[in-house]
1. How big is the dipole moment of the chain about its Cα centre under a simple scheme where the beta carbon of each Lys and Arg is +1, that of each Asp and Glu is -1, and everything else is neutral? Debye, nearest 20, please.
2. If you build a Gaussian network model of the chain, linking Cα atoms that sit under 10 Å apart, which residue out of Arg70, Arg39, Arg90 swings the most?
3. What's the tally of Lys pairs in the chain whose alpha-carbon atoms lie under 21 angstrom apart, where the two lysines are 8 or more places apart or on different chains?
4. Putting +1 on Lys and Arg Cβ atoms and -1 on Asp and Glu Cβ atoms, find which of Val64, Gly103, Tyr26 reaches farthest to the positive end of the dipole of the chain.
5. Which of rounded, prolate or oblate describes the chain when judged by the alpha-carbon gyration tensor and an a/c cut-off of 1.5?
6. Give the order of Ser37, Ser52 when sorted by the count of other beta carbons within 10 angstrom, beginning with the fewest.
7. Can you compute the helix-only [θ] at 222 nm over the chain? Use -39500 (n - 2.57) per DSSP H run of at least 4 residues, normalise by all residues, nearest 500 deg cm²/dmol.
8. Give me the one-decimal nm value for the distance between modelled label points at Arg90 and Glu34, 7 Å along each residue's Cα-to-Cβ direction.
Amino acid sequence: MPESKNALTEAVYYILLAIVTPLHGYGIMQKTAEFSSGRVNLGAGTLYGALSTLVQKGWIEMLVQGPEERKKEYVITALGKAVLLQEIERLEELAANGRSVMGGKR
């Protein structure tokens, strides 16, 4: 079971979603921008700080590369997938409650 029921930041949500398939940092930045329709743009410092934190939490891991490989690739772990799925359920509940109260009004 995931360690926390706290909401994920939008950046962390998209990072986890981006690395369901292994990606390097620049690819993660591109996927995050793509998923959010350009609303979330991660700078290198923000991204690598988040990646370091997510590795420490055990939600992602860095893939082992050959000695000549410069790009580091990251992939989500089983724990990270559980956290991501928990967040998707939370977001679905929020949307359903909003639709229920607002009656589908925009």
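1. The dipole magnitude comes to about 360 debye.
2. In the Gaussian network model the winner is Arg70.
3. On the way: Lys5/Lys57; Lys5/Lys81; Lys31/Lys71; Lys31/Lys72; Lys31/Lys81; Lys57/Lys72; Lys57/Lys81; Lys72/Lys81.
The number of close lysine pairs in the chain is 8.
4. Checking the options against the dipole of the chain, the answer is Gly103.
5. prolate
6. Working: Ser37 7, Ser52 12.
Lowest to highest Cβ neighbour count: Ser37, Ser52.
7. Values: 4 runs with 59 residues, N = 106.
Estimated from H runs of four or more residues: -18000 deg cm²/dmol.
8. So the label points at Arg90 and Glu34 sit 2.6 nm apart.
Every number here is computed from the coordinates shown, using simple stated rules; none is lab data. This one's a predicted model, so the numbers in the text were calculated from it and none came from an experiment. FYI the Cβ positions are ideal-geometry reconstructions off the backbone, even for glycines, and counts take in every protein chain you see.
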